[in-house]
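The values are calculated or read from the model by the stated rules, or taken from the named source; none is laboratory data. A quick note: this is a predicted structure, and the numbers were derived from the prediction, not measured. Virtual Cβ from ideal backbone geometry, glycine too; neighbours counted across all protein chains shown.
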Amino acid sequence: MDKARLEELLEEAMVDCYDEEEMFWGVFYTLDDNLSYPLQAQALGEPVTLVGLDGSRSGLRRGVMARVRKGDREYTVALAELEILNPDPVSTEWLAAYRYRLGENIEDLGGTL
């Protein structure tokens, strides 16, 4: 994924933000608006379904927390810990932008997220 495109997406998410806290929430809400739930994923090698983000458990220190479902149970895990399987193009871009913001190498974002 192109570094300039990732930076463009992040700029869009943080356009009116003045500090790190506001930037975090700008990215959080933009992710939540642009991810196409449900998304198939893996957490610790186990198949799960990403059903949404958890604003009450997310924060600048913890990062973006995701709500995942396995069977009839729902869990909260860090979005950065999930491997998203076959996301749609818009979700792919926003997930890559989030990982780029976390400092992950963009060359490593090519295959799975």
Would you tally the residues in the range 29-53 being loosely packed, with under 14 Cβ neighbours inside 10 Å, closer than 16 Å to D88 by Cβ and charged (D, E, K, R)? 1
Examine the range 54-66 for a residue that is farther than 23 Å from F24 by Cα and either in contact with a Pro (Cβ under 9 Å, 6 or more places away or on another chain) or surrounded by 14 or more Cβ atoms within 10 Å (Cβ to Cβ) (or both), and state whether such a residue exists. no
Take the range 11-37 and flag every residue that is in contact (Cβ under 8 Å) with a residue 24 or more places away in the chain, part of a helix (DSSP H, G or I) and of a type outside the set (S, T, Y). A13, E20, E21, F24, V27, F28, L31, N34
Among the residues in the range 97-106, are any at pLDDT 95 or above, part of a helix (DSSP H, G or I), small (G, A, S) and within 12 Å of the chain's Cα centre (by Cα)? yes
